[in-house]
1. Given (1) closer than 30 Å to residue 209 by Cα; (2) part of a helix (DSSP H, G or I); (3) not hydroxyl-bearing (Ser, Thr, Tyr), where does residue 258 come up short, assuming only one miss?
2. Given the options 224, 242, name the one that is assigned to a loop (DSSP other than H, G, I, E, B), modelled with pLDDT of 90 or more and over 30 Å from residue 108 (Cα atoms).
3. Which is surrounded by fewer than 17 Cβ atoms within 10 Å (Cβ to Cβ) and modelled with pLDDT under 65, of 85, 120, 139, 154?
4. Can you give me the ranges of the helices (runs of 4 or more DSSP H) entirely in region 294-363 with at least 3 residues that are among the hydrophobic types (A, V, I, L, M, F, W, C) and open to solvent by 50 Å² or more (accessible area, probe 1.4 Å)?
5. Right, residue 214: over 24 Å from residue 287 (Cα atoms) and either among the small types (Gly, Ala, Ser) or under 15 Å from the mean Cα position of the chain (by Cα) (or both) or not?
6. Output the qualifying pairs, or none if there are none: Cβ atoms under 7 angstrom, residues six or more apart or on different chains, first residue in region 351-373 and polar (S, T, N, Q) and at pLDDT below 90, second residue open to solvent by less than 50 Å² (accessible area, probe 1.4 Å) and part of a helix (DSSP H, G or I).
Amino acid sequence: DDSDDDDDDEEESSSSKSDSDSEESDDDDDDDEHDDAAATHSDNDAHQRRAADTHSCNDEYAMYIKSEWRKLGDYIKQSIQLIGKVIITSSSGGDDDDDYSALSAGYDWVIEHLHQMQVKHEQSSEQSTHSGVHLFFDKLVLHVVKLKGIEYLKHNRFEDAIELFNDYNAQNTNEMNIYNNLSFIQFLKCEYSDADKYSLHAVSHDRYNASSLVNRANCLYIYDEYEAAKEMYLEAIGVEADCIEAIYNLGVICKKMGNYTDALQAFKKLNKIDTDYSTQSTDRDVQIMYQICHLYELVQEHEQAIKWYKILHSIVPSDAHVLVQLANLYKVYVKDETLIYHNYLDAYKLNKCNIGIISWIGIWYINNSLYEN
């Protein structure tokens, strides 16, 4: 009887245990179903939010608002460029020290008013548009900082410009555009390692910025990586077809590598751009024209070289070196002693300290029995 009671007790306990297990498993199933439902609900919410965001981005009214904000940004940028100078001029009174202080105060005044505009718009706008308004005004402030830094550079205040850009970088780590200006400044200071570091940051952030690509290519050129620099200049021209710095430096590096035909093509393209923008013949860039003259010499096209040196001499008649180059070409191509003599004599009048010119004229006088001269 006792054993039977024990068996009954064991059966009851086992049944109780199994019942509790089943209840626990049911609870677990309920929990799992609840979790699945919650996950599904969350996924649906996220999907709905994404759909709403996409719809709002593609909505015609939203696109119209974005275009209006872009127009407003352009107008404000143009206004900043205009009034920045006026504030400096009206505050300086002509003194250089006052001009420097007004330079800082003028742009600081603009930044302060932009921040006030930002606060005003954020308070009056809906919560959902705060991020867009914040981003809009951040870009405008960045533009003012760039203008202020460029004005510092124009006044040869390199240390102030570097400090300005570094401070802004410390506050806005996502704004890599400042690295481009820092790279340019360091390159002018011949701090090529820092310039290379900043240019790499700028290019990695924005591969479609022609200025960043040119600064990066300049650093590669300094480190004798000519082929890589050439590819970078070509990439900059692909981004901005009339990027003058990229085209000029491409011609220089092609000339350095011995690709005279490619260099000549680059400088002639640049000369065409320069001619289109020049109102008078004297406004043309003489460096471009000299490169074309010298390249025609290198490819042994003497007639074309003489033609371009004559054009260059008409623009800079006081350059003795141009006359000497013409005289040297006349030796090879024309072989007219009188014409050569007149070019050397004109060069001597402009530069009486050039031993080469003096020697040639002296020998010419001896050969023509003009010993007193």
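The values are calculated or read from the model by the stated rules, or taken from the named source; none is laboratory data. Everything numeric in this text was worked out from a predicted model, so none of it was measured. Don't worry about glycine lacking a Cβ; one is built from the backbone with ideal geometry, like all the others, and counts go over all protein chains shown. In case anyone asks, the SASA skips ligands and DNA or RNA and just uses the protein heavy atoms, side chains included. Shrake-Rupley method; radii C 1.70, N 1.55, O 1.52, S 1.80 Å.
1. All conditions pass for residue 258, except number (2).
2. 224
3. Numbers: 120 fails: modelled with pLDDT under 65; 139 fails: modelled with pLDDT under 65; 154 fails: modelled with pLDDT under 65.
Only one candidate qualifies: 85.
4. On the way: elements: 302-315, 320-329, 337-350.
Correct list: empty, since no element meets the threshold.
5. Details: over 24 Å from residue 287 (Cα atoms): no; either among the small types (Gly, Ala, Ser) or under 15 Å from the mean Cα position of the chain (by Cα) (or both): yes.
No.
6. Pairs found: 351/320; 351/357; 354/320; 373/365.
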